[in-house]
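For reference, the structure is listed below as structure tokens.
The values are calculated or read from the model by the stated rules, or taken from the named source; none is laboratory data. Keep in mind the model is a prediction, meaning the values are calculated, not measured. Ideal geometry is used to build each Cβ from the backbone, glycine not excepted, and the neighbour counts take in all protein chains shown. Only protein heavy atoms, including side chains, enter the accessible area calculation; ligands, DNA and RNA are left aside. Shrake-Rupley method; radii C 1.70, N 1.55, O 1.52, S 1.80 Å.
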Amino acid sequence: MSSTAIYPGSFDPFTNGHLDIVRKAARLFDTLYVVIGINTAKGRSCDPELMRMAIEEVLQQEGLFNCRVDICRGLVAEFAAEKGARYMVRGLRNNMDYNYEENIAEVNKLINPDLESIYFRADNVALSSSMVKELHAFHRDVSAYVPAPVLPFL
């Protein structure tokens, strides 16, 4: 039986930490959708379509051919149902992430009872999109924190 999962996030920008989670999940699932979610409460610094193209290039370079990149402008739990995904992948850096993710998992279960959340430990707990944006705003070199195809879109 084939398995499909989604890995949603704002990916604003997509970091090496995100890539690490994609690598781990891609080994477990036949198809993994990296889903750029559009959060109506948050502004974006990176255009989602340009980020989609950059992530696709990263996945191609990494040989992650079972991964697809898509943009979701609605509810992620509904997107998962449309794609036949029964699993939602999330990365955890610490217990605060866990508590946050558990709340989201409960809401997603209300919308899509078949959707199971699967957590992967982050290998670099300090790395976040917020950290990258902050360093970049202060003209620091962030090339060690994001894949090369993402750098031009910061």
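For this structure, a couple of remarks:
- Residue within the range 82-100 that is farther than 21 Å from K42 by Cβ, open to solvent by less than 60 Å² (accessible area, probe 1.4 Å) and touching a Ser or Thr at 6+ places or on another chain (Cβ under 9 Å) present: yes
- When D70, D114 are checked against the criterion of being in contact with a helix residue (DSSP H, G or I) (Cβ under 8 Å, 6 or more places away or on another chain), without any contact (Cβ under 8 Å) to a residue 60 or more places away in the chain and over 23 Å from Y145 (Cα atoms), a single residue qualifies: D114.
- Taken over the range 53-72, the criterion of being at negative phi, in a loop (DSSP other than H, G, I, E, B) and open to solvent by 30 Å² or more (accessible area, probe 1.4 Å) is satisfied by F65, N66.
- With respect to the conditions (1) closer than 22 Å to R23 by Cβ; (2) outside any helix (DSSP H, G or I), M131 falls short on a single one, namely (2).
- Pairs, first of a type in the set (S, T, Y) and at pLDDT 95 or above in the range 15-40, second buried (at least 23 other Cβ atoms within 10 Å of the Cβ) and part of a helix (DSSP H, G or I), C-beta under 7 Å, six or more apart: T15/V132
- For the range 105-122, filtering for residues that are surrounded by 14 or more Cβ atoms within 10 Å (Cβ to Cβ) and either out of contact with any strand residue (DSSP E or B) (no Cβ under 8 Å at 6 or more places or on another chain) or in a loop (DSSP other than H, G, I, E, B) (or both) leaves 4.
- Candidates in the range 73-100 are the residues that are free of Cβ contacts under 8 Å to residues at least 12 places away in the same chain and of a type in the set (S, T, N, Q); of these, the one that is nearest to S10 (Cα to Cα) is N99.
- Exactly one residue out of V142, V150 is among the aliphatic types (A, V, I, L, M), within 18 Å of I55 (Cβ to Cβ) and touching a residue at least 24 places away in the same chain (Cβ under 8 Å): that is V150.
- Taking (1) part of a helix (DSSP H, G or I); (2) surrounded by 14 or more Cβ atoms within 10 Å (Cβ to Cβ) in turn, I36 satisfies each apart from (1).
- Residues located in the range 73-101, provided they are part of a strand (DSSP E or B) and charged (D, E, K, R): R90
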